[in-house]
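Encoded as structure tokens, the structure appears first; notes follow it.
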């Protein structure tokens with residue numbers, strides 16, 4: 001039974017929300033963050049990536065860097081750039097991208113639910129990456145980046161959301177990347193109780209995106225009183241989520257001639273030449289490949305189809321049947337011969353990387369489905385690296401969980 005609760009959010013003044021809201025800290029590097037802050041001086045990246053306030057080459061993990069984040073946040077809170085609500089509420093966060101909307105509930109989730117696997121993960125985390133956010137959360141005394149969670153849709157929750165979306169929004173703006181963001185408050189006591197009851201009947205919630213942020217928030221919460229062992233999340237129904245493809249590019253053919261490479265491929269896949277037109281795979285079991293200016297359709301042969309939750313993923317099949325045995329990429333997490341390209345960047349990016357000679361071959365994947373993600377997590381298993389790419393990304397700075 002999932003334990004979620006309302007909270008008194010710290011959030012931007014209505015007129016400043018679109019200026020403060022920023023992409024998550026982990027999808028931009030320092031240079032990109034600095035450029036965004038120069039464009040938008042109120043950007044939350046100055047807090048989420050506090051090394052941007054120092055000279056290039058500074059130690060981004062130094063204590064004074066995290067202290068700077070707190071200093072800026074406290075100043076903006078004092079200046080009225082941020083406000084804190086007077087009462088505990090749930091919030092609604094709707095994102096619309098290319099005509100498709102997804103609407104989640106902003107709430108606090110129980111650290112115990114994470115530890116007891118009610119909130120399920122599908123990726124490993126790296127302690128070094130966790131430590132950065134542990135330091136950030138601890139010094140800030142606040143969790144600033146929401147965790148992206150998914151649950152199996154419930155009509156009652158949908159109805160409460162739709163009812164509350166009839167009111168005037170807290171925020172309604174379109175970010176520079178064309179995504180519309182609308183936020184609402186749920187402050188009615190009866191609605192709050194009903195939401196708590198509905199989630200109390202849900203036994204499985206899934207981390208869609210933000211494994212490191214989640215693990216860090218849970219670790220920090222271990223030092224807090226029991227009634228504060230919660231972390232901020234946005235919970236979305238599975239029916240509204242879209243996973244994009246996460247594609248692969250490989251630097252060389254492992255010493256094989258192109259002809260020999262194709263001979264090896266044909267042992268596991270049927271191979272069909274498509275020509276110069278960029279083409280996506282149409283269904284599970286298919287991959288499109290770009291090499292030497294030509295696209296090909298690869299379809300896994302029936303005898304290599306398996307039913308295992310992890311091994312049946314298209315990214316696993318490619319790894320197990322092509323990348324490892326043919327191209328000698330044993331560990332995609334550490335091998336610098338492989339690169340990963342999020343589907344949001346399109347097939348033109350794969351073509352560009354190959355045409356420019358930076359990589360010899362590109363593989364466009366059919367997207368992992370939300371049901372496949374659930375199946376892996378329910379089995380207590382982990383997905384291969386770079387299996388899912390969620391869009392649109394939740395903005396940081398719209399809701400903050402202050403616990404000091």
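Taken as a whole, the structure places residue 296 among residues that are under 22 Å from residue 352 (Cα atoms) and at pLDDT 95 or above. Among the residues of the range 234-281, the ones that are out of contact with any helix residue (DSSP H, G or I) (no Cβ under 7 Å at 6 or more places or on another chain), free of Cβ contacts under 8 Å to residues at least 60 places away in the same chain and buried (at least 18 other Cβ atoms within 10 Å of the Cβ) come to 1 in all.
Taking the range 286-311 as the range and being surrounded by 19 or more Cβ atoms within 10 Å (Cβ to Cβ), outside any strand (DSSP E or B) and free of Cβ contacts under 8 Å to residues at least 24 places away in the same chain as the test, no residue passes. Out of curiosity, is residue 380 in contact (Cβ under 8 Å) with a residue 12 or more places away in the chain, in a loop (DSSP other than H, G, I, E, B) and surrounded by fewer than 20 Cβ atoms within 10 Å (Cβ to Cβ)? Yes. Which residue is farthest from residue 201 (Cα to Cα), if the candidates are limited to the range 152-163 and must be buried (at least 18 other Cβ atoms within 10 Å of the Cβ) and touching a helix residue (DSSP H, G or I) at 6+ places or on another chain (Cβ under 7 Å)? This residue is 160. Surrounded by fewer than 20 Cβ atoms within 10 Å (Cβ to Cβ), in contact (Cβ under 8 Å) with a residue 40 or more places away in the chain and in a helix (DSSP H, G or I): does that describe residue 321? Taking the combined requirement at face value, the residue satisfies it.
Based on this model, can you work out whether residue 327 counts as in a loop (DSSP other than H, G, I, E, B) and in contact with a strand residue (DSSP E or B) (Cβ under 7 Å, 6 or more places away or on another chain)? Yes.
Assess whether residue 134 counts as being in the same structural domain as residue 395 (by TED's automatic domain parsing) and either part of a strand (DSSP E or B) or crowded, with 20+ Cβ neighbours inside 10 Å (or both). Criteria not met by residue 134.
Is at least one residue of the range 169-186 over 16 Å from residue 237 (Cβ atoms), assigned to a helix (DSSP H, G or I) and out of contact with any strand residue (DSSP E or B) (no Cβ under 6 Å at 6 or more places or on another chain)? For the range 169-186, residues over 16 Å from residue 237 (Cβ atoms), assigned to a helix (DSSP H, G or I) and out of contact with any strand residue (DSSP E or B) (no Cβ under 6 Å at 6 or more places or on another chain): absent. Among the candidates 75, 70, 49, 87, the residue that is loosely packed, with under 14 Cβ neighbours inside 10 Å, under 19 Å from residue 22 (Cα atoms), in the same structural domain as residue 134 (by TED's automatic domain parsing) and modelled with pLDDT of 95 or more is uniquely 75.
The values are calculated or read from the model by the stated rules, or taken from the named source; none is laboratory data. Since the model is a prediction, treat every value here as computed from it, not as a measurement. Ideal geometry is used to build each Cβ from the backbone, glycine not excepted, and the neighbour counts take in all protein chains shown.
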